Amino acid sequence: MTYIGEIFVIAMSAIFIQNFLLSRFLGLCPFLGVSTKIDSAFGMGMAVIFVMTLTASITYLINVYLLGPYAYLQTIAFILTIAALVQFVEMVIQKNAPALYKSLGVYLPLITTNCAVLGVAILNTTAVRSDGVTPYNFLDSTLNGFFSGVGFTVVLLAMAGIRQRLGLVTLPKYMRGMPIALILAGIMALAFYGFMGFKL
Amino acid sequence: MRFFYEIVKGLIKENPMFVLVLGTCPTLAVSTSVINALGMGAAVTFVVICSNIIISLIKDIVPSSIRIPIFIVVIAAFVSVVDMTMAAFLPPLHKALGIFIPLIVVNCVILGRAEAFASKNNVLYSLADGLGMGMGATLSLTIVATIREILGSGTWLGIRVMPNSYEPMLVAILAPGAFFTLGFLMALMNRLKEKRS
C-alpha cells in the first residue's frame, strides 16, 4: 500500500511539479522544433516515453552493477548506452512493426541528443524517495523514466495545440516562430509554477 | 586572415544561440546569474575547442558510417574532464551548474560543430571555429544572464547595481523568466535584422 503512494509521488513530481521541460529545462530542442503540429508532437512524445523508460531501467543496471569502481566513466557509459539503445530500438521497430516505424521513425535518431533522456539517467543515480533517504531501486528508476516521458509529452502536446491555433493569428513579423514559442513556454511555465506548492 | 574570420563569425553572424538556435537547454537553465553563465560558457568553450581539434585530427581515419558515435565519445571524454576538474577546484560552481555539466555532451552546438565544421576542415581552422563558437555561446549566455540577474536580484556579478529601493522581480530568475527573456531577445534580434534589410 505504501508503495502505491510512492508511485503516486514519483508520477506527480515527474509530470507536474518537476516537469522536465518547464521547470528543469531538459529536452527543449525537440520541444521548440517539433511542437508545430499535434501529429508530429504525438509521435515524438511516444518515442520519447518509450526510449526514456528503457534508458532509465538499463542505465540503472549499468550504474549499479557495472560502474561501481569506475564512476568517472558515467557520462561516457550513459551516452553510449543511449546511442546504442536508440539504434537498436529503431532496428527492432523497423523489422517488426513497420506501421509504428513509419510514425515514430523520423523522431528516433533525434532522441539520442535529447538531453531529457541523458538527464533522467543522471538524475536517477542520485534520486531519493519521498522519505529523503532511500535511493531509487530498479522499479522506481524505471517508473521515473516513464512518468518523466509522460510529463514531456503532456507539455509537448499542449504546446503543439496552442501553436497550431496560433497559425491563424496575425502577429508582428519579428515575433513569429521562435520568439512567440518561447514566450508561450514562459506563460505555461508560470502556470506550472502553481504546482510547486505541493508537498508530497 | 581566414583564421580570424572563423573566430569572429561565431560571435554575431553565426551565433550558436541567437542565430542557429542550438543548445537552448543550458542557456535557459544556468543563466540565473552572470557567474554561472561565465562558468558554463568556459566549460562549453573548452569542450568545443578540444573536441574540434581531436575530431579534425582523426577525421580521415574515422569511417563515415560510425562517425557520430565516435564524435560523441570524444566529446563525452572532454566533458568528463571538465566535470571532474570543476568538482575538484570550483565546488560551489560545480554545485550550481549541477546536472548541466554532464549534459554538455548532448549540447547540440558541440556535436553540430563537429559534424558541420571539424570533420571537413583542418586543425587550425577547427580550433578557430571552436574558439569562436565557444565565445559566441558565452556571449549569449552572459547577455541573458545579465538581464535576468539585474531584474531578478538587482545585482550584476554579485555587485549591487540597482538602488536599494528596487524590489527584485523574482520571476526573472525562475523558470518562466528564462523563457520570457530569451523570447523577447530573439524578437529584438529579428526586429533589428528586419530594419537593416
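Where a number appears in this text, it was derived from the coordinates with a stated rule and is not lab data. What you see is a predicted model; the values in this text were computed from it and never measured. All Cβ positions, glycine included, derive from the backbone under ideal geometry; neighbour counts span all protein chains shown.
Candidates B:Val21, B:Val106, B:Val74: the one that is aliphatic (A, V, I, L, M) and on the phi > 0 side of the Ramachandran plot is B:Val21. In this structure, B:Leu141 qualifies as under 17 Å from the mean Cα position of the chain (by Cα) and under 21 Å from A:Thr113 (Cα atoms). Pairs are defined by a Cβ separation below 6 Å, a sequence spacing of at least 6 or placement on different chains, a first member in the stretch B:89-108 that is more than 9 Å from chain A (Cβ to nearest Cβ) and touching a residue at least 24 places away in the same chain (Cβ under 8 Å), and a second member that is crowded, with 16+ Cβ neighbours inside 10 Å and of a type in the set (Gly, Ala, Ser); the pairs so defined are B:Leu93/B:Gly39. Can you say whether B:Gly183 is more than 19 Å from the chain's Cα centre (by Cα), surrounded by 15 or more Cβ atoms within 10 Å (Cβ to Cβ), among the small types (Gly, Ala, Ser) and over 24 Å from B:Ala43 (Cα atoms), as far as the supplied structure shows? Against the criterion (more than 19 Å from the chain's Cα centre (by Cα), surrounded by 15 or more Cβ atoms within 10 Å (Cβ to Cβ), among the small types (Gly, Ala, Ser) and over 24 Å from B:Ala43 (Cα atoms)), B:Gly183 does not qualify. Of all residues in the stretch A:56-90, those satisfying the criterion of being under 30 Å from A:Ile38 (Cβ atoms) and within 14 Å of another protein chain (Cβ to nearest Cβ) are A:Ile82, A:Ala83, A:Leu85, A:Val86, A:Gln87, A:Phe88, A:Glu90. Taking the stretch B:9-61 as the search range and keeping residues that are charged (D, E, K, R) and touching a residue at least 24 places away in the same chain (Cβ under 8 Å), which one is surrounded by the most Cβ atoms within 10 Å (Cβ to Cβ)? The residue in question is B:Lys59.
Of the numbered criteria (1) under 10 Å from the mean Cα position of the chain (by Cα); (2) farther than 19 Å from A:Val86 by Cα, the one A:Met12 fails is (1). Within the stretch B:166-191, being touching a residue at least 24 places away in the same chain (Cβ under 8 Å) and among the aromatic types (Phe, Trp, Tyr) holds for one residue alone: B:Phe179.
Just one of the listed residues (A:Val9, A:Val34) is of a type in the set (A, V, I, L, M) and farther than 18 Å from A:Val117 by Cα, and it is A:Val9.
Residues that are within 18 Å of A:Leu118 (Cα to Cα) and in contact (Cβ under 8 Å) with a residue 60 or more places away in the chain are absent from the stretch A:81-90. For the stretch A:27-39, does any single residue satisfy the condition of being within 22 Å of B:Cys108 (Cβ to Cβ), away from chain B (no Cβ under 14 Å) and assigned to a helix (DSSP H, G or I)? Within the stretch A:27-39, not a single residue is within 22 Å of B:Cys108 (Cβ to Cβ), away from chain B (no Cβ under 14 Å) and assigned to a helix (DSSP H, G or I).
Scanning the stretch B:21-56 for residues that are hydrophobic (A, V, I, L, M, F, W, C), part of a helix (DSSP H, G or I) and under 11 Å from B:Ala178 (Cα atoms) gives B:Cys25, B:Leu28, B:Ala29.
Where helices (runs of 4 or more DSSP H) fall entirely within the stretch A:86-153, those with at least 1 residues that are more than 21 Å from A:Asn63 (Cα to Cα) and either in contact with a helix residue (DSSP H, G or I) (Cβ under 8 Å, 6 or more places away or on another chain) or of a type in the set (Phe, Trp, Tyr) (or both) are at A:98-104, A:108-111. Suppose we keep only residues that are under 13 Å from the mean Cα position of the chain (by Cα) and either within 14 Å of chain A (Cβ to nearest Cβ) or more than 18 Å from B:Met17 (Cα to Cα) (or both) within the stretch B:109-131. Which one would you say is surrounded by the most Cβ atoms within 10 Å (Cβ to Cβ)? Applying the filter and picking the extreme gives B:Ile110. Can you confirm whether the stretch A:64-76 contains a residue that is out of contact with any strand residue (DSSP E or B) (no Cβ under 7 Å at 6 or more places or on another chain) and outside any helix (DSSP H, G or I)? Yes.
Within the set A:Gly132, A:Gly197, A:Gly167, the sole residue that is within 14 Å of chain B (Cβ to nearest Cβ) and without any contact (Cβ under 8 Å) to a residue 12 or more places away in the chain turns out to be A:Gly197. Candidates in the stretch A:142-164 are the residues that are within 29 Å of A:Gly186 (Cα to Cα) and among the polar types (S, T, N, Q); of these, the one that is surrounded by the fewest Cβ atoms within 10 Å (Cβ to Cβ) is A:Gln164. The set of residues in the stretch A:72-90 being under 24 Å from the mean Cα position of the chain (by Cα) and either more than 21 Å from B:Arg67 (Cβ to Cβ) or surrounded by fewer than 11 Cβ atoms within 10 Å (Cβ to Cβ) (or both) consists of A:Leu73, A:Gln74. Taking only the stretch B:58-72 into account, find how many residues are more than 11 Å from chain A (Cβ to nearest Cβ), within 17 Å of A:Leu80 (Cβ to Cβ) and in a helix (DSSP H, G or I). Residues flagged as more than 11 Å from chain A (Cβ to nearest Cβ), within 17 Å of A:Leu80 (Cβ to Cβ) and in a helix (DSSP H, G or I) within the stretch B:58-72 amount to 2.
Quick one: would you say B:Glu194 is in contact (Cβ under 8 Å) with a residue 24 or more places away in the chain and part of a helix (DSSP H, G or I)? No: the conditions fail for B:Glu194.
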